[in-house]
1. Quick one: what pairs do we get from the stretch 142-168, first residue within 14 Å of Glu127 (Cα to Cα) and part of a loop (DSSP other than H, G, I, E, B), second small (Gly, Ala, Ser) and within 15 Å of the ligand (Cβ to nearest atom), C-beta under 8 Å, 6+ apart or different chains?
2. Spot the failing condition for Ile237; the list is (1) surrounded by 19 or more Cβ atoms within 10 Å (Cβ to Cβ); (2) over 14 Å from the mean Cα position of the chain (by Cα); (3) among the hydrophobic types (A, V, I, L, M, F, W, C), and only one is missed.
3. Is at least one residue of the stretch 226-233 within 16 Å of the ligand (Cβ to nearest atom), outside the structural domain of Ala95 (by TED's automatic domain parsing) and in contact with a His (Cβ under 7 Å, 6 or more places away or on another chain)?
4. Of the residues that sit in the stretch 161-202 and are surrounded by fewer than 15 Cβ atoms within 10 Å (Cβ to Cβ) and within 12 Å of the ligand (Cβ to nearest atom), which one is farthest from Leu234 (Cα to Cα)?
5. Can you confirm whether the stretch 97-105 contains a residue that is on the phi < 0 side of the Ramachandran plot and surrounded by fewer than 22 Cβ atoms within 10 Å (Cβ to Cβ)?
6. Taking the stated definitions as given, is Thr106 among the hydroxyl-bearing types (Ser, Thr, Tyr) and under 25 Å from Ala30 (Cα atoms)?
7. Considering only the stretch 79-110, how many residues are more than 18 Å from Gly233 (Cβ to Cβ) and either within 14 Å of the ligand (Cβ to nearest atom) or under 19 Å from the mean Cα position of the chain (by Cα) (or both)?
8. If you go through the stretch 145-160 one residue at a time, do you hit one that is closer than 16 Å to Gly94 by Cβ, more than 12 Å from the ligand (Cβ to nearest atom) and in contact with a Leu (Cβ under 7 Å, 6 or more places away or on another chain)?
Amino acid sequence: MNTSPFALSEREQTLLDTVTELAKNFAATAADYDQRAEIPVEHLRALTDAGVERSVLPADVGGDGVSYQAFGELIRVLAQADPSTATIFLMHAGAGIALAQLTAPTLGSYYADEFLGGARFANALSEPASGNTFLMPQQHAVAAEGGWTLDGAKRFVSGSEIAQHLLVNALVDGVPTFFGVEPDETVTTIPIWDTLGLRATRSQLLSFDATLLRADRRGRGLSPFDFAAIPAGLPAISLGIADAALGALVEHARGRIIQGEPLSHQQWVQFEVASAESGLEAAKAYFRTALWQADSGSPSTIGALSRAKLLANRVAVDMAQLGVRIGGASGYLKTSPIQRHLRDAEAGQLMAYSTEVLSGQIGAEILGA
Ligand SMILES: Cc1cc2nc3c(=O)[nH]c(=O)nc-3n(C[C@H](O)[C@H](O)[C@H](O)COP(=O)(O)OP(=O)(O)OC[C@H]3O[C@@H](n4cnc5c(N)ncnc54)[C@H](O)[C@@H]3O)c2cc1C
């Protein structure tokens, strides 16, 4: 019997085994999707066909309700194989679960049914003027027949081009309020997404031109009992990228022969890898503890997940930078996975809350400032 506090149930382990198997194919095509900056629709469809949405939808809205521990590991496995797939899936799950839970009291099972039925969701929360604080919208919705209208923009909306449902927030009478929006002709994509990293997420800028925020698609406010998919999943994106970066540098160090000896035999490489890998394992252990707190309903969960994201973001960049040093110029070539992991690792720090915002919050808390 597994007595680890982080142990998964048999059903969760089966889910992870399935996703791990699928992820092998995702890893094989991740570089091509990244190069073309194309959404890996076939990966996302494979996850839906495997019933992953039903597994992650919380039980109170009709799903199987995996633990945070299993959810975090699922996202990490996906990110190790293809972090763009992992990011789009995380945003889709975050928006779908949030809409299902926030509208359940007024709309019943509408969004849960859509999520389980294969509809795609995206988070349209970040605004041009809101900086990193995506839960504090600056844009005001104006009262109109049937609800409110929104004029403005939401940016970096991962997977928005294939989404049937958007989770949108805006100020209603000065109060941040969530809505579900089915994009119509009032919502247009401004194709800005030609980035360094996480290219296949296609996180575009969306323009809203008198878009109706329907009163019957309005959600309630957030509750500490809602499933916090995004805070639980974001550290896992960076940890998965770090794992992939470690795998790539190990493969390179073992295969690269310099003056008759593999690079892996050089002492500086061994020292640096020991330090980077230990940091990664420590970040993973802390992340599992934070997920355990989330599963236990601990009030310190959000603080722990914030620290886990900060640590994971930094560890991923450290590991990816070490990969570039060990890879030398051959790792710098476009054909090497090493350069892709570096580009992807940088993106983890930018996604809200950024390492700067998290450092400010955590530092102020420690200092009582
Ligand atoms: C790959 C990727 C996918 C994304 N997907 C989505 C998505 O699906 N949905 C969505 O809504 N958003 C998404 N985002 C947006 C993201 O979560 C941030 O909200 C957004 O990137 C912030 O804007 P910015 O990066 O231009 O940084 P800016 O906000 O312009 O920040 C610039 C600098 O200022 C710092 N800063 C910003 N605000 C503060 C603050 N309040 N206090 C201290 N420092 C601050 C930042 O840390 C950064 O160093 C995505 C971003 C990326 C990179």
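The values are calculated or read from the model by the stated rules, or taken from the named source; none is laboratory data. Every value quoted in this text rests on a predicted model; they were computed, and no experiment measured them. Positions of Cβ are generated from backbone atoms using ideal geometry, with glycine treated the same way; all protein chains shown enter the neighbour counts.
1. The qualifying pairs are Ser158/Ala122; Ser158/Ser203.
2. Result: Ile237 passes all but (2).
3. Checked the stretch 226-233: no residue is within 16 Å of the ligand (Cβ to nearest atom), outside the structural domain of Ala95 (by TED's automatic domain parsing) and in contact with a His (Cβ under 7 Å, 6 or more places away or on another chain).
4. Top of the filtered list is Ile192.
5. Scanning the stretch 97-105, I find at least one residue that is on the phi < 0 side of the Ramachandran plot and surrounded by fewer than 22 Cβ atoms within 10 Å (Cβ to Cβ), so the answer is yes.
6. Spelling it out, it is not the case that Thr106 is among the hydroxyl-bearing types (Ser, Thr, Tyr) and under 25 Å from Ala30 (Cα atoms).
7. Total meeting the criteria: 0.
8. Within the stretch 145-160 (the criterion being closer than 16 Å to Gly94 by Cβ, more than 12 Å from the ligand (Cβ to nearest atom) and in contact with a Leu (Cβ under 7 Å, 6 or more places away or on another chain)), the answer is no, since none of the residues qualifies.
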